[in-house]
Structure formats: C-alpha cells, structure tokens
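Q: Starting off with a structure, shown below.
Just so it is clear, none of the values below were taken in a lab; they were calculated from the coordinates. Just so we're clear, the structure is a prediction, and the values are computed from it rather than from any experiment. Counting neighbours? That spans all protein chains shown, and the Cβs are built from the backbone with ideal geometry, glycine included.
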Amino acid sequence: AAEAGRDFIRDIVQADLSSKKHSRIVTRFPPEPNGYLHIGHAKSIALNFGIAQEFAGKCHLRFDDTNPTKEEQEYIDSIQADVHWLGYDWGTDLYYASDYFDRLYDWAEGLIEAGYAYVDDQSQEEIRINRGTLTEPGKNSPFRDRTVEENLDLFRRMKAGEFPNGTRVLRAKIDMAAGNINLRDPVLYRILHAEHPRTGDKWSIYPSYDYAHGQSDAIEGITHSICTLEFEDHRPLYDWLLDKLPVPSKPRQYEFARLNLTYTLLSKRVLTQLVRDGHVSGWDDPRMPTIAGLKRRGVPPAAVREFVKRIGVAKANSVVDVGMLEFCIREHLNKSAQRRMAVLRPLKVVIENYPEGQVEELEAVNHPDDPSAGTRKILFGRELYIERDDFMENPPKKFFRLSPGNEVRLRYAYFIKCTGVIKNDAGEVVELRCTYDPATKGGNAPDGRKVKATMHWLSAKDSVPAEVRVYNQLFSNPSPSAANFAADLNPESLEVLPDARIEPSVASDNSGEVMQFERQGYFVRDKDSAPGKPVFNRTIGLRDTFAK
Ligand code: ATP
Ligand code: MG
Ligand code: MG
C-alpha cells in the first residue's frame with residue numbers, strides 16, 4: 001500500500017503541474033450506466049475526485065452510455081446518488097458520451113475520408129477469427145480496400161438504418177499484423193437498432209468503447225484519464241485515435257490496479273445476475289458489495305473512504321482481504337455509534353424476589369469513551385429477557401455466564417443468580433427463575449464478591465419487539481468463481497431473527513444512525529421497517545469472526 005495520500009498517479013499529476021504541462025488538472029469518473037456502483041468503483045471515484053480536490057482541479061462525472069441495450073435511467077440515477085453519498089460532487093460537470101454522438105460521427109467520416117477507416121461486411125465470427133492470435137498475425141478483410149466513396153456511402157446508410165444488426169461495422173484501418181491485437185483494425189461503430197435512454201431512436205449505429213472513450217476525454221479537456229489495468233493494451237489505440245482526429249485536446253491515459261476483495265465478486269455481470277436470479281433481494285441487498293448495499297447495511301461513507309485510502313493505488317493487481325474493509329467499518333463505528341441494549345434471541349427471566357408490579361429506572365451510558373453522548377434511562381422489573389446463548393443448563397468448565405446456581409451481573413442493574421429452569425413439553429428451556437441481590441444495584445457487591453460475566457438484558461414489558469437481520473459473507477469461498485458463482489454462494493449469508501427485543505429508545509429512533517447493540521455488534525434500521533415492526537440490519541459484528 002502507498003503511504004497515506006501518495007501514489008504513482010498523484011506523482012505524475014504533481015509533476016505535470018510543476019512542469020506547467022497543465023495549469024489545471026481535469027479527471028473524470030466514467031461509469032457505464034448498466035448497473036449499480038460497487039466498492040471497486042469507490043476506489044476509482046476516490047482516486048479521480050480525490051485528485052481533483054487535492055490539486056485544485058475538477059472531476060467530471062461522465063456516463064459512458066454507448067451501449068443502449070444494457071443501460072437504464074434507474075442506473076443513471078443510482079450512480080449519481082451513490083457518488084454523492086460517498087461524499088464527492090461533480091458540481092455542474094455532468095456529461096454523457098451520448099451528447100457527443102454527432103461529433104463522433106462526423107469525425108468517423110473524417111477518418112474514412114483520410115483512408116483510416118472502412119466498412120467491413122464480414123460477420124462478427126469472421127472478424128474474430130481473422131483477427132489472429134498473440135502468435136499469429138491477422139488476415140486483412142476482403143473489404144479493407146474499399147474506396148472512400150463506397151465506405152462513405154455504406155457508413156451513411158448504416159447510420160440511416162438501412163441494414164440489420166450485425167451485418168456491417170466500421171473499422172479503423174491500422175495494421176492486421178500489429179503485435180498488439182487492439183491495433184488490428186478495431187471496430188469503431190456497430191449497427192444496433194435500439195432505443196437509447198437519451199437519444200431515443202435517432203441512432204442505428206453506436207460507437208465502440210475504444211472509439212467513444214478517448215474522444216470524450218478530449219472533448220471535455222480531461223488531462224489525466226485514469227482507468228484500470230485491463231485497458232493498458234488499449235492505450236496505443238487511444239493515442240492513435242487522438243493523433244488522427246481533430247480533437248481539441250490530448251488527454252493521457254494512466255492505468256492502476258482494480259480492487260479485488262476476498263469473498264466478493266466485483267463484476268457487474270455477476271451482480272446483475274445475482275439480482276435477476278433472486279439470490280439477493282435487490283441491488284441494495286445489504287449482502288451486496290454495491291454502494292447501495294453498503295449504505296443500507298449501515299456502513300458509513302467515511303469508512304469506505306478510509307478503506308480506499310488504506311489500500312492505496314498500485315500498478316499491480318492484488319486481492320485485498322475483506323477483513324480490511326470490516327476493520328475500517330468497525331473502527332469508525334466504535335467511535336461514532338451510541339450504545340444500546342438489544343436481545344436478539346430472547347429467553348425470559350423472572351426475578352422471584354423482585355416485587356410484583358414494581359419498576360425502577362436505571363441509568364445507562366450512551367458511549368463509554370464520550371461523556372458528551374450522555375446517558376439514558378432503562379427500566380428494570382420483575383420480568384426480563386436475556387440472550388438465550390448466555391444461559392446453559394449444563395455448562396462446560398469455562399462457561400461463566402448464567403447457569404443454575406451461578407451468579408452474574410446484569411449491565412447497569414444488579415447481580416442475579418439462577419435458581420430454577422422451566423421447560424416445555426419438548427424439553428426446551430423456556431424460562432428461568434432467578435433471584436437478585438438488592439445490595440448490588442449499579443453492579444457492585446458491598447461485600448466485595450465478584451462475578452465473572454456481565455450480560456445485557458431488557459425488561460420484558462418495556463422492551464419492543466423487532467426483527468433483526470444478521471448478514472454473513474455472500475460467498476463461502478474466499479475466491480468465488482465468477483463463471484459459476486451460484487455454487488459458491490453461502491447458504492447462511494442471511495439469518496433472520498424475528499423475535500428480537502430492543503430498547504424503546506431504539507424503536508423510536510428515526511435518525512438512521514448506526515447503533516452498537518452491546519456485545520452484539522453494530523445495527524441500523526432497515527427500510528423494511530413498518531409501524532410497530534421495526535427491522536434492523538447488522539452492519540457488522542464486534543469482532544473479526546471469519547477465518548483468514
Ligand atoms: P465491470 O467490469 O464489472 O462491468 P466496469 O469497469 O466495466 O465494471 P464501468 O462502469 O465501466 O464498469 O466502470 C467505471 C469506472 O470504474 C472505470 O474507470 C473502471 O475502470 C472503474 N472500476 C470498475 N471496477 C473497478 C474496480 N474493481 N476497482 C477499481 N476501479 C474500478
Ligand atoms: Mg463494463
Ligand atoms: Mg467499463
């Protein structure tokens with residue numbers, strides 16, 4: 001990882017400013033609106049917008065909307081919301097590659113006129129085969145030597161919509177024997193009779209990524225066009241096009257390593273499939289690595305920014321341990337989240353020596369490290385709930401929590417001792433009988449006796465029912481297969497606890513803030529909450545639990 005805030009791209013930017021190659025840096029984040037953004041995109045967003053901020057430049061948000069069959073307005077809207085949520089702003093610099101379609105088309109005619117492009121009638125399959133391989137040069141298309149007039153006529157008729165999809169393409173005329181396969185007459189335009197979200201049915205041809213991307217950069221005056229490593233081999237084509245076209249500026253492309261995470265797939269194809277096949281509830285399912293999923297899960301945007309900063313920007317691909325992301329989330333929430341009590345799997349406790357009908361208010365601390373967070377009142381009474389896991393009828397040696405005859409502390413309240421166990425017909429423990437020691441109020445015994453466990457609890461009458469959703473990794477394989485991802489799904493990625501109990505103050509809280517449920521982890525209210533039926537998502541547990 002790079003030292004904080006410094007990496008090879010920022011070094012280049014700094015050098016270009018120092019040498020006055022550029023007086024102002026312009027970067028861009030160029031998503032294709034064919035899905036929701038994921039945490040990999042957050043790395044690119046933080047890099048592009050971060051550089052603009054640090055070097056007093058600007059960063060454009062540009063929709064690379066050149067493939068209308070896969071693009072939707074919903075994605076355009078979500079991408080804008082997610083960039084804002086991450087804490088970045090493009091101001092008025094919002095662009096669409098589709099706004100450049102006329103100019104790109106005119107430039108393509110210019111390439112034809114200069115003898116740098118031709119219409120090819122070969123099928124997609126023939127083009128693929130004749131492109132050759134790494135060791136075999138490609139074969140020239142039989143249509144490569146068409147006259148300028150014929151090419152112009154055919155290209156105009158492609159534009160006019162005369163030909164069916166896939167029957168012809170416009171290709172750059174470069175070199176079918178080039179060592180770099182991207183230079184073997186790459187496709188610039190394909191025929192596609194498809195309605196575009198912004199240009200409607202105006203176009204029957206659409207530019208390829210390679211043709212549209214660099215020219216869009218040039219039109220916008222981008223100085224540093226930063227993309228992921230798989231585009232390194234496209235750079236000679238990027239430069240070739242800029243060189244041959246009358247573009248208003250000459251951006252430079254730089255490549256960095258994309259983010260890969262253990263237990264995670266960051267491919268829009270896979271994420272789309274997860275949604276379409278119903279493996280998750282939607283793009284914002286809290287198990288998804290999407291920005292929308294992280295947000296719904298309760299992950300603070302500052303934790304995502306911190307994570308991206310820590311992993312740095314490098315030139316070589318690697319896989320980051322998802323534990324690193326979880327560490328950043330925990331570290332942030334430990335500082336920011338107020339403490340509350342919740343019982344996720346309740347077991348009823350009756351305090352036999354506590355007067356029937358009596359209730360008392362106890363004071364609970366909202367944040368142990370932050371006195372300014374204040375305190376709140378919680379109610380104690382004869383009937384309580386404790387966590388089912390905190391009781392064992394026949395405990396092993398090292399079990400210090402509640403068991404018959406054993407004494408424990410209830411947080412903020414009293415010592416209690418288990419005196420009896422009530423079971424149902426199936427032999428399951430359904431209720432405990434306990435006694436409390438009134439002298440231990442506040443949690444200490446005047447006679448100095450010690451207990452080994454402090455447990456959370458809630459009043460049975462004054463707590464509120466809630467559904468709690470506990471999430472685990474979506475994939476059980478640390479490096480899930482993108483090709484056959486369904487086989488690697490974790491069947492226990494979602495655990496629904498329908499009978500949890502929460503403090504009334506938690507139920508009435510509409511702040512959207514993440515809270516720590518003591519001893520359980522961090523939780524946030526979910527949008528599925530209904531009046532009288534709050535739903536909480538576990539953002540993350542208190543400890544790193546999965547194997548490395
Ligand atoms: P996919 O390959 O899943 O379709 P993509 O890279 O095609 O994703 P785009 O919408 O084109 O998705 O991405 C917008 C920008 O985000 C690009 O500049 C791309 O390089 C960058 N990006 C995408 N995925 C990652 C990642 N995992 N790590 C870093 N940057 C990424
Ligand atoms: Mg893509
Ligand atoms: Mg892309």
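Q: Work out the FRET efficiency for Phe143 and Ala81 from their Cβ-Cβ distance, taking R0 = 35 Å, and round it to the nearest 0.05.
A: In this case the efficiency is close to 0.15.
Q: Could you tell me whether the range 148-239 comes out rounded, prolate or oblate from its Cα gyration tensor? Rule is a ≥ b ≥ c as square roots of the eigenvalues, rounded for a/c under 1.5, then prolate if a/b exceeds b/c, otherwise oblate.
A: oblate
Q: If you keep only loop residues by DSSP, which trypsin sites (Lys or Arg not before Pro) in the range 448-501 have at most 14 other Cβ atoms within 10 Å of their Cβ?
A: Arg449, Lys450, Lys452, Lys461
Q: Ignoring everything except DSSP H segments at least 4 long, calculate the 222 nm mean residue ellipticity for the chain; use -39,500 (n - 2.57) per segment, divide by total residues, nearest 500.
A: Per the formula, -8000 deg cm²/dmol.
Q: What is the percent of Cα-Cα separations in the range 340-462 that go past 21 Å?
A: 38 percent
Q: Which of the trypsin sites (Lys or Arg not before Pro) found in the range 379-436 are in a DSSP loop and have at most 14 neighbouring Cβ atoms, other than their own, within 10 Å?
A: Lys397, Lys398
Q: If you don't mind, another one. Taking the Cα centre of the chain as origin, work out the dipole magnitude from +1 charges on Lys and Arg Cβ and -1 charges on Asp and Glu Cβ, in debye rounded to 20.
A: Using Cβ point charges on Lys, Arg, Asp and Glu, the chain gives about 1520 debye.
Q: Quick check: Cα centre of the range 91-147 to Cα centre of the range 152-188, how many Å?
A: 4 Å
Q: Sticking with this one: With equal scatterers on the alpha carbons only and no solvent term, can you work out the Debye log10 of I(q)/I(0) for the chain at 0.07, 0.08 1/Å?
A: Here log10 of I(q) over I(0) equals -0.55, -0.67.
Q: Aspartates and glutamates near Lys244 by alpha-carbon distance under 16 Å, same-chain residues fewer than 8 away left out - which ones?
A: Asp106, Glu109, Glu113, Asp175, Asp185, Asp210, Asp217
Q: Hey, how many Å between the Cα centroid of the range 26-47 and the Cα centroid of the range 217-243?
A: 16 Å
Q: Rounded to the nearest angstrom and ordered from largest down, what semi-axes does the equivalent ellipsoid of the range 52-157 get from its C-alpha gyration tensor (root of 5λ)?
A: In descending order, the three semi-axes are 38, 18, 15 Å.
Q: Rounded to whole Å and ordered largest first, report the semi-axes of the equivalent ellipsoid of the range 8-256 derived from its Cα gyration tensor (root of 5λ).
A: 32, 21, 16
Q: Viscosity 0.692 mPa s, temperature 37 °C: what is the translational diffusion coefficient of the range 434-548 from Stokes-Einstein with a Kirkwood Rh over Cα pairs, rounded to a whole number of µm²/s?
A: Rounded to a whole number, D works out at 191 µm²/s.
Q: Looking at Thr147, Pro355, Ala212, which one has the Cα that reaches farthest to the positive end of the dipole of the chain (charges on Cβ: Lys, Arg +1; Asp, Glu -1)?
A: Checking the options against the dipole of the chain, the answer is Pro355.
Q: Given the Cα-Cα distance of Glu54 and Gln73 and 0.36 nm per residue of separation, how much length would full extension add, in nm?
A: 3.7 nm
Q: Scan the range 21-72 for chymotrypsin sites (Phe, Trp or Tyr not before Pro) in coil per DSSP, keeping those whose Cβ has at most 14 other Cβ atoms within 10 Å, and list them by number.
A: Listed in order of number, the matching sites amount to none.
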